[in-house]
Amino acid sequence: MRVLATARWRLGDPVFRPAKMESSKRRVLLTPEAVEAFMTWRVAQRADRLRAGSAWRTSLPAVRPGHEGELIEFADQVFTDPIGRPVHQRQVERAHARVCRLAGVQLVRPHDLRHSFATLMLTIGVTPKVVAEMLGHSSVNLTLTLYSHVLPHMQREAVEKLSQLLSPGSPDLERNNLDRPPS
């Protein structure tokens, strides 16, 4: 999947803007489960398009003051309503709340899922550089600043792994000949 732009709704219109930083434009690898979900969504979207026929939209005239009548293009959107219009952020928020309620988990804002993702990735040992790239952060420093609360336990784990590696009889130590002085 590629991230190229952001969408916001302003006074009744979808407004698409290119990603603000070059690093924000990125390719994001997805889990097989996420790919399957997107493929299922795409099939449903194609069915919607066939049902909608000529009512299917890839553009709309703007209604915002000062922009009335300007054509807003949005062909090839991933998330659309049954007639092809971009899904409004309130629809996403309502669907997200419904899923949280059904799953019996605490409701958080959809945007907070980015933070959950980053925290989980760092917790399982993904390097901050990779997490920064996946989130589209301009630098790893931003990621480290935002998620520094995750790092203390990572340091403990790293020290424990180093201790295991350096302990006498460690298979890794023997395999790498780390217990012998350089010749």
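Taking each residue as 0.36 nm, the span from residue 56 to residue 41 lengthens on full extension beyond its C-alpha to C-alpha distance by 3.7 nm.
Placing unit charges on the Cβ atoms only, positive for Lys and Arg and negative for Asp and Glu, gives the range 59-155 a dipole magnitude near 440 debye about its Cα centre. Taking all protein chains as they are arranged and a probe of 1.4 Å, the heavy atoms of residue 88 leave approximately 40 Å² accessible to solvent. Each principal axis of the chain carries a Cα extent, and these read 77, 34, 34 Å when sorted largest first. Annotation for residue 158 and residue 99: the two label points, set 7 Å from Cα along the Cα-Cβ direction, are 3.3 nm apart.
Amide H contacts of residue 56 (H built 1.01 Å from N, in plane; Pro and chain starts excluded): no residue 5 or more places away or on another chain comes under 5 Å. Close amide H pairs (under 5 Å, H built 1.01 Å from N) link residue 72 with 60, 62, residues at least 5 positions away or on another chain.
For the range 1-120, the dipole from Cβ point charges (+1 on Lys and Arg, -1 on Asp and Glu) about the Cα centre works out to 160 debye, to the nearest 20. Give the carbon-plus-sulfur fraction of the accessible surface of the chain in %, rounded to a whole number; probe 1.4 Å, heavy atoms of protein chains only. Carbon and sulfur together cover 59 percent of it.
Normalised by 2.2 N^0.38 Å, where N counts its residues, the alpha-carbon radius of gyration of the range 78-167 equals 1.49.
Between the listed residues 50, 66, 86, the Cα displaced farthest toward the positive end of the dipole of the range 41-96, a dipole computed from Cβ unit charges relative to the Cα centre, is found at 50. If a spin label sat at a point 7 angstrom from the Cα of residue 9 along the line to its beta carbon, the backbone N atoms of the range 16-50 nearer than 18 Å would be those of 16-17. Per-residue SASA remark: residue 117, around 70 Å² accessible (1.4 Å probe; ligands, DNA and RNA not included). Between the listed residues 122, 6, 143, the Cα displaced farthest toward the positive end of the dipole of the chain, a dipole computed from Cβ unit charges relative to the Cα centre, is found at 6.
The values are calculated or read from the model by the stated rules, or taken from the named source; none is laboratory data. What you see is a predicted model; the values in this text were computed from it and never measured. All Cβ positions, glycine included, derive from the backbone under ideal geometry; neighbour counts span all protein chains shown. These area figures cover heavy atoms from the full protein model, side chains too; ligands, DNA and RNA do not enter into them. Shrake-Rupley method; radii C 1.70, N 1.55, O 1.52, S 1.80 Å.
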